[in-house]
Amino acid sequence: MDNVRSRVLLGMKKRGFGCNKYNGFGGKVEADETIDEGAIRELNEESGLLATRVDKQGLLLFYFEDNSVAMEVHVYLASEYTGDVVETDEMRPEWFGIHEMPFAKMWADDERWWPYVLRGEKFVGRFWFKADQITITREELSRVESLSF
């Protein structure tokens, strides 16, 4: 996130799960790293930026009716970073104004939790999707004081 210019970097997913949607940067955590370290590595691999500080903002669980395993997603902001933004095999990065998010081309839940980020609030949530990965059938979303469990 570029606080000076009030903008956020998203990536258009070019392949795999979430293809053709704008998303934050991330992926699976390696066996030898923490979740924070994984977030930093994934941002670098998918955008060329190296975060020098990350702040955990949220924790989300996603359930899809055609999959019995929940997907756990940790939401981070990286407002301190070095490097230059580059397109990668997986993502095409693009800056957006914080009030001009391309929600029509993002996951349906993003519009629901983004206001918490704008207010600087930590949050937890759960979203249940139909097999179409578009329709939300149920949601729980709330502000929390801490993400230390």
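Side notes on the structure shown:
- Accessible surface, the chain, averaged per residue in Å² (probe 1.4 Å): 58 Å²
- Accessible surface of segment 1-146 [probe 1.4 Å, protein heavy atoms]: carbon and sulfur percent: 48 percent
- The relative contact order of the chain, computed from alpha carbon pairs under 8 Å that lie at least 6 residues apart in sequence, is 25 percent.
- Relative to the dominant Cα principal axis of the chain, helix 35-47 is inclined by about 70°.
- Cα lying deepest toward the dipole's positive end in the chain, options Thr137, Gly38, Pro93, charges on Cβ: Thr137
- Expected 222 nm ellipticity per residue - DSSP helices of 4 or more, -39500 (n - 2.57), all of the chain, to 500: -4500 deg cm²/dmol
- Amide H contacts for Phe123 (H built 1.01 Å from N in the peptide plane; partners 5 or more residues away or on another chain; cut-off under 5 Å): Gly58, Leu59, Val144.
The values are calculated or read from the model by the stated rules, or taken from the named source; none is laboratory data. If you're wondering where the values come from, they're calculated on a predicted model, not measured in any experiment. Note that each Cβ is placed from the backbone with ideal geometry, even for glycine, and that neighbours are counted across all protein chains shown. Each accessible area value is taken on the protein alone, full model and side chains, heavy atoms only, with ligands, DNA and RNA left out. Shrake-Rupley method; radii C 1.70, N 1.55, O 1.52, S 1.80 Å.
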